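One structure below.
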Amino acid sequence: MKTYAYAAEFEAGDRKGTIVVSFPDVPEAITQGDDIADARAQAEEALGLALLSYPQRELPLPKVKAKGKGATMIAVAADVAAKLAVLEAFAVAGISKSEFARRMNKDEKEVRRILDPKHPTKLPAMVQALRALGKRLVVGIEEAA
């Protein structure tokens with residue numbers, strides 16, 4: 001099962017109380033928060049935005065390499081994970097947008113919106129898109145940090 005979680009490094013910022021968060025595997029994702037809870041929330045958003053930029057630049061998502069002691073795994077928000085899954089599955093499928101639209105029984109304009117990393121897509125549409133690409137969305141629950 002694929003997850004969109006990457007190791008984050010938390011360190012004290014220049015200002016008192018500020019926590020800076022960076023991701024060794026996703027150098028574009030760097031942010032800060034006023035406390036640990038804020039830093040985690042900002043890290044989730046920064047990671048999601050950075051990862052969504054990869055398909056726009058026609059780059060594969062970075063491999064998860066950094067793990068280990070002291071690393072805190074941060075996962076993207078559920079809607080971002082679903083969007084990334086659709087974009088990755090479409091890229092691997094090697095089909096045209098027209099063929100994808102045919103498989104989804106949708107207009108090509110709607111499929112272009114689904115494949116636009118900047119366009120918010122509702123969960124049922126992403127579930128349908130993944131099914132059309134031979135994938136299935138699985139949702140998990142874990143304790144919040």
* Amide H within-cut-off set for Ala29, under 5 Å, with H built and near neighbours excluded -> Phe23
* Would you mind telling me which residue in Arg103, Arg57, Arg131 has the biggest mean-square fluctuation in a Gaussian network model of the chain, where springs connect alpha carbons within a distance under 10 angstrom? => Arg57
* How big is D for the chain, in µm² s⁻¹ as a whole number, if Stokes-Einstein is applied with the Kirkwood radius of its Cα pairs at 20 °C and 1.002 mPa s? -> 131 µm²/s
* Three semi-axes of the equivalent ellipsoid, the range 102-145, Cα gyration tensor, whole Å, largest first -> 24, 14, 7
* Structure fact -> Note: Ile141 to Ala41 extended length (0.36 nm per residue) minus current alpha-carbon separation gives 34.3 nm
* Among Lys135, Lys16, Lys118, whose mean-square fluctuation peaks in a Gaussian network model of the chain (Cα, cutoff 10 Å)? -> Lys16
* To do: Report, in degrees rounded to the nearest 10, the 0 to 90 angle that the Cα long axis of helix 78-93 makes with the longest principal axis of the chain.
  => 50 degrees
* HN-Hα J in Hz across the range 10-23 - Karplus 6.51, -1.76, 1.60, θ = phi - 60°, x for Gly and Pro -> 9, 9, 5, x, 5, 7, 4, x, 7, 10, 9, 10, 9, 10
* **Listed residues Gly13, Gly33, Gly48, most fluctuating in the chain (Gaussian network, C-alpha, under 10 Å)** => Gly13
* Sort out for me the Cα centre separation of the range 48-81 from the range 12-41, rounded to whole Å. => 15 Å
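Each reported figure results from applying straightforward, stated rules to the coordinates on display, with no laboratory input. Not measured: the values here are computed from a predicted model.
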